[in-house]
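All remarks here apply to the structure that follows.
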Amino acid sequence: GTRTLTRTWTATDRCDNSTSLDQTITVTDDTAPVGSAVDASVSCEDYDASTEYGSHTESDNCDSDVAVTWANVETFDVLGSGCYSVRREYTFTDDCGNSSTDEQIVTVFDDVAPVMTGLPLIEIECSDYPDDNIYVTGDDSCGGLVTITFTDIEFSGGCVKPVGMYMRTYTATDECGNSSIFDQILRLVDTTAPSIVTPADYTIECDEVVTLDDPVITDNCDSDVTVVYSEEIVAGCGSSYVHTRTWTATDDCDNSSTATQTITVVDTTAPVLSLPADYTAECSDEHPMDDATATDNCAGDITITVEAVTTPGLCAGDYTIARTFTATDECGNSSSATQTITIIDTTAPVLS
């Protein structure tokens, strides 16, 4: 629209004498175009930094074809990867280099909730609950951070008592505040048998007191384990015996364990003999052969045997009898002791 116009005037008189004079008119353009850009909004899924959004208008006093360029200048109001604003600057330039600018705000928004993926049913050991593990994943369409929280509501079901299941409700929230929920069942399982700590095995003499202590039974989940008790007594010699005590503990999920205590009652003590007293008698006197007696620490029969050995002295009426008594109980424990009877002749013959 710019140009230079030269106007030439020629003045001629009647005698054809003439003179000319030029006039120069210069047309210029120093007025910038007028342009405006309309703000726009676009979803985070569709936004591309190199794509133009919205609309713009422009006009010029001279140029009918204004050049329009734009550039991203600033990102601000950032809440997350899917919600922010971009300031763009538009430049409107005519053919003469006159230009003006206008600002456009492109609002990037995220109105899509995260998508959660997970199994509808999860099994965990009852002893592992409370369980803070998150068994779902969250994905956001705009690639931002997804925060997952959950709440549990208990209810009965399964073999674990009284609470065997939990309804876990997850809430996934993206950086722009969009959220979604996902329900999952946590079923408690019990694969661990109860623990039985039995009293220690022990061996005692038959005259000692037998102590029957109770075991300590615990379970990882069941506070009221079913316990079945049985015992077997196998008799031995005399008062000895072996006492086997067996406990079987079963929890609500039918896991069971068995433990045994063995009490061995023995008789290792020999009987105690009581002998007739040793004595010395004339060969012409009576020679009593009293029996020995015996006692034992345990009940049962005691067998007493005696063996006599006579040792001659220096004369016919002078000798020694050694009576050895042996007392044996039913377990074969025995003790021996000897009674000594001394026969003497200290009386002179009687002469007639």
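The values are calculated or read from the model by the stated rules, or taken from the named source; none is laboratory data. Here the structure is a predicted model, which is why all the values come from computation and not from measurement. Positions of Cβ are backbone-derived with ideal geometry, glycine not excepted, and every protein chain shown enters the neighbour counts. Quick note on the areas: whole protein, heavy atoms, side chains included, nothing else; ligands and nucleic acids left out. Shrake-Rupley method; radii C 1.70, N 1.55, O 1.52, S 1.80 Å.
General observations
- Lone unmet requirement of (1) within 30 Å of GLU45 (Cα to Cα); (2) open to solvent by 60 Å² or more (accessible area, probe 1.4 Å) for CYS176: (2)
- Among the residues of region 271-296, those that are exposed (fewer than 13 other Cβ atoms within 10 Å of the Cβ) and touching a Pro at 6+ places or on another chain (Cβ under 7 Å) comprise ASP290, THR295.
- Some residue of region 331-344 being exposed (fewer than 15 other Cβ atoms within 10 Å of the Cβ), assigned to a loop (DSSP other than H, G, I, E, B) and at positive phi: yes
- Residue match in region 309-321 (condition: open to solvent by 60 Å² or more (accessible area, probe 1.4 Å), modelled with pLDDT under 95, closer than 15 Å to THR280 by Cβ and of a type in the set (S, T, N, Q)): no
- Output for region 266-275, where each listed residue is closer than 14 Å to ALA327 by Cα and either more than 60 Å from the chain's Cα centre (by Cα) or charged (D, E, K, R) (or both): PRO271, VAL272, LEU273, SER274, LEU275
- Where strands (runs of 3 or more DSSP E) sit wholly within region 1-77, those with at least 2 residues that are over 60 Å from the mean Cα position of the chain (by Cα) occupy 3-12, 18-27, 34-37, 56-59.
- Applying the set (1) of a type in the set (A, V, I, L, M); (2) in contact with a Ser or Thr (Cβ under 7 Å, 6 or more places away or on another chain); (3) open to solvent by 30 Å² or more (accessible area, probe 1.4 Å); (4) not in a loop (DSSP other than H, G, I, E, B) to ALA299 leaves exactly one unmet item: (4).
- Restricting ASP285, ASP254 to those that are in a loop (DSSP other than H, G, I, E, B), under 30 Å from ILE343 (Cα atoms) and of a type in the set (D, E, K, R) reduces the list to ASP285.
- Applying the condition of being open to solvent by 70 Å² or more (accessible area, probe 1.4 Å) and of a type in the set (Asp, Glu) to region 93-121 and asking which residue is modelled with the highest pLDDT yields GLU103.
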